[in-house]
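Student: Right, I'll just put the structure down here and ask away after.
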Amino acid sequence: MSEAARSPNLSSPEFLSRLRQREASAIEVLVRTYTGQLFRAALGLGFDESTADEIVQTTWSAFFKSVPDFEGRSHVRTYLFGILYNKASEQRRDEKRTTPTDEAAALADRNFNAAGMWLQPPANPEDFAVAAQTKEIIEACLEDLTLKQRTALVLKTIDGHATEEICKIMNVTVTNLGVLLHRAKGALRECIERRSKGDCDEC
Amino acid sequence: MLSCKEVAQLLNSETQLSPLRRMSLWLHLMMCRPCAIYRKQIAAAMAAVRRIVLERRSKHAEKIREIEESVLNRYAK
């Protein structure tokens, strides 16, 4: 069962009021339920262990600061992940790393002509499969995704969050999410294929 | 009739498809070898990503505990 499917009772009005009253046992249940998920999500987004630690801690700080105003209209998990995503975005900005150019996704689009047909069909599946088994290649290609693309990918295809929930977390429409997933997967495939052919600057 | 570009989008975006759409997609994949290969490549890429992400995450129980204790010390005592 995906992590997202567990913990049903933590959004009941009764639990939320215990949280607002800072009841220690309620806080403990919440923190122990979601810290692992939040930390693993941060890792999935590409942060190293100590940065992920920081992000999770600031997420909890922001949560507890705002919990008096939290009305419980969305699930508390959704709210937490929403904060995490914001903190992750801030962290990325602060890191001043070269922002991924979204180039692979754009290249992926150019594989098709105006009629939507393949200009150059996908290459030899065996070479691709070998490249896909190469850890360094996958890691490098993951790093090339924008944070939005990577978040959509991780939340949906790895952690199995529901579409509606991801839309709330990331503040995007269902259509946007579909586009993000398409671009993320297309970019990954494009990147792997180029590296399998030795067809890129960094190879 | 779906174009290959549309097929790629439908496959990747994980949107809910009507039965008619699903049938069109399936028919296209049966008849179009490039798209069938594309689909396999996407699946291989995703399997690899999953493996790597899960592996990266698998060794952090200790760290997670630490964070929990730190947060609880601040907010639950």
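Student: When the residues of the range A:9-25 are filtered to those that are open to solvent by 70 Å² or more (accessible area, probe 1.4 Å) and touching a helix residue (DSSP H, G or I) at 6+ places or on another chain (Cβ under 7 Å), which remaining residue is farthest from B:A76 (Cα to Cα)?
Tutor: Ranking the candidates gives A:N9 first.
Student: Does A:A108 satisfy the criteria of being surrounded by 13 or more Cβ atoms within 10 Å (Cβ to Cβ), within 23 Å of A:C191 (Cβ to Cβ) and touching an Asp or Glu at 6+ places or on another chain (Cβ under 6 Å)?
Tutor: Yes.
Student: Related question: State which residue pairs qualify: first residue at negative phi and inside the range B:52-66, second residue among the polar types (S, T, N, Q) and part of a helix (DSSP H, G or I) in any location, beta carbons under 7 Å apart, and separation of 6 or more residues or different chains.
Tutor: B:I64/A:T35
Student: Also, quick follow-up: When residues of the range B:37-52 are filtered for being over 11 Å from the mean Cα position of the chain (by Cα), surrounded by fewer than 16 Cβ atoms within 10 Å (Cβ to Cβ) and more than 7 Å from chain A (Cβ to nearest Cβ), how many remain?
Tutor: Total satisfying the criteria: 1.
Student: Here are the criteria: (1) more than 8 Å from chain B (Cβ to nearest Cβ); (2) aliphatic (A, V, I, L, M); (3) buried (at least 21 other Cβ atoms within 10 Å of the Cβ); (4) closer than 30 Å to A:R77 by Cα. Tell me which single one A:L147 does not satisfy.
Tutor: (3)
Student: Can you name the number of the only condition in (1) acidic (D, E); (2) under 22 Å from the mean Cα position of the chain (by Cα); (3) more than 9 Å from every other protein chain (Cβ to nearest Cβ) that B:E62 fails?
Tutor: (2)
The values are calculated or read from the model by the stated rules, or taken from the named source; none is laboratory data. Note that the structure is predicted; figures quoted are calculated from it, not measured. Every residue, glycine among them, receives a Cβ derived from its backbone with ideal geometry; neighbour counts consider all protein chains shown. With ligands, DNA and RNA removed, areas are computed over all heavy atoms of the protein, side chains included. Shrake-Rupley method; radii C 1.70, N 1.55, O 1.52, S 1.80 Å.
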